[in-house]
Amino acid sequence: MADTRIGIIGGGGIAREHCRAYRAVGGARIVAVAEVDEARGQEFAREQNCVWHSDWRALLDRPDIDAVSICLPHSLHAAATIDAARAGKDILCEKPIATALDDADAAIAACHAAGVRLMVGHTHRFRREHIVALELLRSGAIGQVHQVRDVIWAGREAIVPLGWRGVNVLNGGGVFMDNGIHAADRLIWWVGARPTWVAARMSRATTIVEGEDLGVALIGFANGVTATLEQSFAVPRDAGQCDATFVGSEGVLRVETWRGLGYARIGEAWKAIALPEGGLNGFDAEIAEFLSAIREKRAPSVTGEDGRAALELIQAIYRSARSGTSIDL
């Protein structure tokens with residue numbers, strides 16, 4: 001089978017990670033990159049042995065591109081997705097799908113109208129420890145889940161600005177639109193139900209972002225689960241934390257991203273769970289799923305609608321924090 005021909009929209013660090021993963025997985029060829037900054041775009045093209053375009057529309061006009069990775073500042077995701085859909089390209093869009101729900105809806109509608117695939121890059125779903133956690137929850141290993149604590153504290157070597165990720169108009173907000181959108185997606189995925197209400201508070205302890213750099217949300221789900229979602233950019237490197245704890249009717253499960261997981265049933269000792277050996281890392285597995293969906297002519301496992309659901313929760317968190325009241329979804 002011929003390689004899927006890929007265009008990369010955006011020439012930053014995450015775009016390089018996409019290129020690395022496409023090559024690691026195989027079955028894809030990088031054809032072109034679109035990057036508005038000429039020096040950066042030409043350097044990227046030399047590194048990746050592809051063609052540089054200053055405008056993503058020129059890249060999308062190429063008949064020798066089948067699919068694109070959108071690796072732009074958040075505020076440009078929806079516009080690039082809509083243009084790519086109209087050009088007939090399958091799309092892997094980095095998270096979040098958009099910075100506003102109306103834009104997310106327009107992007108999803110454009111993809112449906114054009115008959116192209118839209119996958120949103122919620123890579124946490126592809127980590128082995130997260131997948132095993134989901135399997136344990138669905139198997140009833142700790143009984144019926146009642147309570148969840150989901151935490152991403154991004155430890156940093158120094159309190160320095162985050163570039164465009166620290167600019168509200170480009171990022172769509174602070175830490176909740178950055179790492180928080182990952183946590184929102186994986187939380188909905190793990191709980192297996194839609195959020196129905198949220199109460200949140202957030203604040204700013206540093207100057208690394210214009211928006212909030214820490215906060216917490218209390219979330220209720222349609223199946224009765226109550227969860228807390230905690231986010232921070234304002235912790236030292238050694239204090240960084242990325243984990244989730246589930247309290248069930250028959251025990252507790254804890255998953256630590258990049259480390260592993262374990263659980264204990266009532267009256268039993270803690271049991272560490274061995275993860276499958278080998279296989280792809282989470283990011284490469286995400287790229288592999290995108291390519292498989294294209295080859296198999298099916299929807300990807302993380303759809304535009306999934307991306308919208310995560311965005312809807314994050315937007316509700318912002319509304320609650322601004323109003324000081326709980327918000328119904």
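None of the figures in this text is laboratory data; all of them are computed from the coordinates on show. What you are looking at is a predicted structure, and each value in this text was computed from that prediction instead of being measured. FYI the Cβ positions are ideal-geometry reconstructions off the backbone, even for glycines, and counts take in every protein chain you see.
Please list, in order along region 264-279, the HN-Hα scalar couplings obtained from phi with the Karplus expression 6.51 cos²θ - 1.76 cosθ + 1.60 (θ = phi - 60°), rounded to whole Hz, x for Gly and Pro.
Couplings: 9, 8, 4, x, 10, 6, 4, 10, 6, 9, 6, 8, x, 7, x, x Hz.
For region 93-178, state the semi-axes of the equivalent ellipsoid (square roots of 5 times the eigenvalues of the alpha-carbon gyration tensor), sorted largest first and rounded to whole angstrom.
Taking √(5λ) for each eigenvalue gives 28, 24, 12 Å, largest first.
Quick one: compute the contact order of the chain, relative version, from alpha carbon pairs under 8 angstrom and 6+ residues apart, as a percent.
19
As a test of the formula, what do you get for the chain when each DSSP H run with n ≥ 4 contributes -39,500 (n - 2.57) and the sum is divided by the residue count, at 222 nm and rounded to the nearest 500 deg cm²/dmol?
When only DSSP H runs of four or more count, the value is -11000 deg cm²/dmol.
Can you sort Val145, Val175 so the residue with the fewest Cβ neighbours within 10 Å comes first?
Placing the least packed residue first, the sequence is Val145, Val175.
Please give the contour-minus-distance gain from Thr206 to Met1: 0.36 nm per residue of separation, less the Cα-Cα distance, rounded to one decimal in nm.
Full-extension gain reported as 68.7 nm.
Scan the chain and report its longest stretch carrying no chymotrypsin sites (Phe, Trp or Tyr not before Pro) that are both in a DSSP loop and have at most 16 other Cβ atoms within 10 Å.
Of all site-free stretches, the longest is 1-257.
If the only charges are +1 at each Lys and Arg Cβ and -1 at each Asp and Glu Cβ, what is the size of the charge dipole of region 151-243 around the Cα centre, to the nearest 20 debye?
Approximately 160 debye in magnitude.
Expressed as a rounded percentage, what relative contact order does region 190-329 have, with Cα pairs under 8 Å and six or more residues apart?
Answer for region 190-329 is 25 percent.
Which GluC sites (Glu not before Pro) in region 143-244 pass both tests, a DSSP loop state and at most 12 other beta-carbon atoms within 10 Å?
Answer by residue number: Glu157.
Counting other beta carbons within 10 Å of each residue's own, what order do Asp178, Asp83 fall into, fewest first?
Asp83, Asp178
Can you tell me which of 106-114, 166-174 comes out highest on packing, and rank the rest after it, using the mean Cβ neighbours within 10 Å?
Descending packing order for the listed peptides: 166-174, 106-114.
Select from Ala100, Val68, Met119 the residue farthest towards the positive end of the dipole of the chain; place +1 on Cβ of Lys and Arg, -1 on Cβ of Asp and Glu, and compute about the Cα centre.
So the residue we want is Met119.
Starting from the 7 Å offset along Cα-to-Cβ, what nm value, one decimal, do you get for the label separation of Glu305 and Ile131?
About 2.3 nm separates the two model spin labels.
Counting C-alpha atoms alone, how compact is region 205-329: give Rg to one decimal and Dmax as a whole number, in angstrom.
According to the Cα coordinates of region 205-329, Rg and Dmax are 18.5, 48 Å.
For the chain, give the magnitude of the charge dipole about the Cα centre (Cβ charges: +1 Lys/Arg, -1 Asp/Glu; no others), in debye to the nearest 20.
Using only the charged Cβ atoms, the result is roughly 400 debye.
For region 204-244, what class follows from the C-alpha gyration tensor (a ≥ b ≥ c being the square roots of its eigenvalues): rounded when a/c is under 1.5, otherwise prolate if a/b is larger than b/c, else oblate?
Oblate, because a/c is 1.5 or more while a/b does not exceed b/c.
Diagonalise the Cα gyration tensor of the chain and give the resulting equivalent ellipsoid semi-axes, square root of 5 times each eigenvalue, largest first, whole Å.
Semi-axis lengths for the chain are 33, 23, 19 Å.
Looking at the chain as a GNM with Cα springs under 10 Å, which of Leu275, Leu76, Leu101 has the largest mean-square fluctuation?
Leu275
Computed over the Cα atoms of region 140-242, what is the ratio Rg over Rh, Rh following Kirkwood?
Using only Cα positions, Rg/Rh for region 140-242 is 1.02.
Trypsin sites (Lys or Arg not before Pro) within region 260-329: which are DSSP loop residues with at most 16 other Cβ atoms inside 10 Å?
Hits after loop and neighbour filter: Lys297, Arg298.
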